[in-house]
1. Which of the following residues is under 19 Å from residue 53 (Cβ atoms) and either in contact (Cβ under 8 Å) with a residue 60 or more places away in the chain or in contact with a strand residue (DSSP E or B) (Cβ under 6 Å, 6 or more places away or on another chain) (or both): 85, 111?
2. Name every residue in the stretch 311-325 that is in contact (Cβ under 8 Å) with a residue 24 or more places away in the chain and touching a helix residue (DSSP H, G or I) at 6+ places or on another chain (Cβ under 7 Å), in order of residue number.
3. It is to be established whether one or more residues within the stretch 182-200 are under 26 Å from residue 371 (Cβ atoms) and touching a residue at least 60 places away in the same chain (Cβ under 8 Å).
4. Quickly run through the stretch 331-346 and pick out the residues that are in contact with a helix residue (DSSP H, G or I) (Cβ under 6 Å, 6 or more places away or on another chain), in a helix (DSSP H, G or I) and either on the phi > 0 side of the Ramachandran plot or surrounded by 23 or more Cβ atoms within 10 Å (Cβ to Cβ) (or both).
5. Restricting attention to the stretch 128-138, and to residues there that are at pLDDT 85 or above and within 25 Å of residue 66 (Cβ to Cβ), which single residue is surrounded by the fewest Cβ atoms within 10 Å (Cβ to Cβ)?
6. Can you say whether residue 242 is part of a helix (DSSP H, G or I) and over 17 Å from residue 405 (Cα atoms), as far as the supplied structure shows?
7. Can you name every one of the helices (runs of 4 or more DSSP H) wholly within the stretch 1-112 that holds 3 or more residues which are in contact with a helix residue (DSSP H, G or I) (Cβ under 9 Å, 6 or more places away or on another chain), modelled with pLDDT of 90 or more and buried (at least 19 other Cβ atoms within 10 Å of the Cβ)?
8. Name the residues in the stretch 273-310 that are without any contact (Cβ under 8 Å) to a residue 24 or more places away in the chain and not in a helix (DSSP H, G or I), would you?
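The values are calculated or read from the model by the stated rules, or taken from the named source; none is laboratory data. Worth saying up front: this structure is predicted, and the values here are computed from it rather than measured. Positions of Cβ are generated from backbone atoms using ideal geometry, with glycine treated the same way; all protein chains shown enter the neighbour counts.
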């Protein structure tokens, strides 16, 4: 493909994908700031209930991953995300109106159900527009919506809660998703063939490049066959453990920082944003070299191992030195986020297009279970023990085993590829 087609795709699609995922992440992660603010006090939420509420989102997220991915792959990712944007914006705004815990429980669960469509649908959409040599960077620019959003959301939410309270924070931060839905519908296309902003020759060039790379991938009969693959099973477990660390960190970092002496909600917001500023650099660097070398594995497991060691270092330091412990938390956050682009590129490169959607959804579903466990148990351990030491060990152990399983999964895939190559030679 020539440079003109490349620029057209990147400039047209990536900003839209980035903004859409950013809005999804805004409306799931701002709950941590409301909890660190006055919501728990106003609604009489106990520590145990707060842990459950923080994690319920991911339970709803788990159950509807595969149906959402199947619809996006066989019908329309464009239509599915359009309605998801409207619904999750409305649910996020409704959170600011709740007066009892029961309604809050229902909203958090339903928010997870609605947002379950976003990640698999967006990854499927990008895989239909970007080639193997571009995919890690494309995925990274999508998932950059995560740390970039938390970076500015941490600051803005702190000021909003301080100025107008947690209720208006939810309302103001939920509204943009509804507005953006109509921009999404106008600007996005499911496939190159539907794009009026490409010429016929350009459409053919993109489709030919994508079809060519599918020729080297071993056929898989259906979703059931893909789900039984040892590599897919290992990646499910690996991503679940990885997500324990990520979402234990995302949901509870504001509370961890707020517990420090003389820490205001505004200062908490600024400090909470720092790990995500460094995460952006890590993600861009890892995805760039991943696409340059096409060696995905080396940009996944070493980063997770370093994150594990950083959490363990925070555990050893304890409360003796807040600032040194905080620096280690910044390192942990950066290293947990850096591998996302290469990781999701791996999935689309080891499986044929007919089962990629299901595999992504299954792996992301297990990630949701890990997110549920991380959100719940980190909060539970913090409340039960009265300190953050136990949760640091929990997150460190999860990331350590995630790194180990990633190494095993890559070796398994190499064995399968070598066997296929031997058959082809014979």
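1. 111
2. 311, 312, 314, 315, 318 - these are the residues of the stretch 311-325 that are in contact (Cβ under 8 Å) with a residue 24 or more places away in the chain and touching a helix residue (DSSP H, G or I) at 6+ places or on another chain (Cβ under 7 Å).
3. Yes, the conditions are met somewhere in the stretch 182-200.
4. Pass one, the stretch 331-346, residues in contact with a helix residue (DSSP H, G or I) (Cβ under 6 Å, 6 or more places away or on another chain): 331-342, 344-345.
Then drop every residue that is not in a helix (DSSP H, G or I), which leaves 331-337, 340-342, 344-345.
332, 333, 334, 335, 336, 337, 340, 341, 342, 344, 345 - these are the residues of the stretch 331-346 that are in contact with a helix residue (DSSP H, G or I) (Cβ under 6 Å, 6 or more places away or on another chain), in a helix (DSSP H, G or I) and either on the phi > 0 side of the Ramachandran plot or surrounded by 23 or more Cβ atoms within 10 Å (Cβ to Cβ) (or both).
5. Among those that are at pLDDT 85 or above and within 25 Å of residue 66 (Cβ to Cβ), it is 128.
6. Considered against the rule, which asks whether it is part of a helix (DSSP H, G or I) and over 17 Å from residue 405 (Cα atoms), residue 242 comes out as no.
7. Qualifying helices (runs of 4 or more DSSP H): 3-29, 77-95.
8. Within the stretch 273-310, the first condition is being without any contact (Cβ under 8 Å) to a residue 24 or more places away in the chain, and the residues that meet it are 289, 292-293, 295, 298.
Answer for the stretch 273-310, where residues must be without any contact (Cβ under 8 Å) to a residue 24 or more places away in the chain and not in a helix (DSSP H, G or I): just 295.
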